[in-house]
Amino acid sequence: FKANKIGMDKLKRKEPCLILMNHCCFLDLEIASSVLYPKTINIVTTTDAFVDKAWLMRQLGCIPINKFSTNPQVVKECIRLVKKKNSSILMYPEAGYSFDGTATTMASTIGKFVKMLNVPLVTIITHGAFLRQPLYNNLRKRKIKVTADVEYVLSPEEIQKLILDNIEHDL
């Protein structure tokens, strides 16, 4: 695994951020943890991941949400974690694993969420992760090179200057 960090020197070590990541396979969390270490991260996670392991998921810092929904309580919790706990928020805005390795449409409200948090926006885009462990192959691992582009996309000041449509378009 190799990470290509782009502009990440702009992000202060203890500064919270919003991380948007494509969702390709079970390696995604391991990749995010390794490239963001030692940042404290809370992960917006679908409620189906909490089945029979809710206690564990909460201990890992997961925030439950229903897929494809806008939940004011989750937004409030993310704002609280960023402002009061100085924690970063990791989201997979596609709301699920890719079934064919291609990106899916993101929720139209993502720009509004980015503006509400008002923290730096970072993206993690993986390459090869889907082919390493595809869903159609019963999640058997293959020997495939996996890389990730970790990019500091927008500062809080840049976010506040942009209109919502521009934020969503840039993602």
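The values are calculated or read from the model by the stated rules, or taken from the named source; none is laboratory data. Computed from a prediction, not measured in an experiment: that's the story for all the values here. Cβ coordinates were reconstructed from backbone atoms using ideal geometry, including for glycine residues, and neighbour counts include every protein chain displayed. Just the protein is used for accessible areas: all its heavy atoms, side chains included, with ligands, DNA and RNA removed. Shrake-Rupley method; radii C 1.70, N 1.55, O 1.52, S 1.80 Å.
Among residues of the range 145-161 that are of a type in the set (F, W, Y), those with a Cβ under 7 angstrom from a residue that is outside any strand (DSSP E or B), sequence gap 6+ or separate chain, pair up as Y152/G7; Y152/M8; Y152/K10; Y152/L11; Y152/P120.
The requirement of being modelled with pLDDT of 90 or more, open to solvent by less than 20 Å² (accessible area, probe 1.4 Å) and out of contact with any strand residue (DSSP E or B) (no Cβ under 6 Å at 6 or more places or on another chain) is fulfilled somewhere in the range 67-90, by at least one residue. In the range 13-52, of all residues being basic (K, R) and closer than 15 Å to V150 by Cβ, the one that is surrounded by the fewest Cβ atoms within 10 Å (Cβ to Cβ) corresponds to R13. With respect to (1) open to solvent by 90 Å² or more (accessible area, probe 1.4 Å); (2) in contact with a helix residue (DSSP H, G or I) (Cβ under 8 Å, 6 or more places away or on another chain); (3) at pLDDT below 60, the lone exception for N138 is condition (2).
Here V146, V153, V122 are screened, and the one residue that is on the phi < 0 side of the Ramachandran plot, modelled with pLDDT of 90 or more, open to solvent by less than 20 Å² (accessible area, probe 1.4 Å) and not charged (D, E, K, R) is V122.
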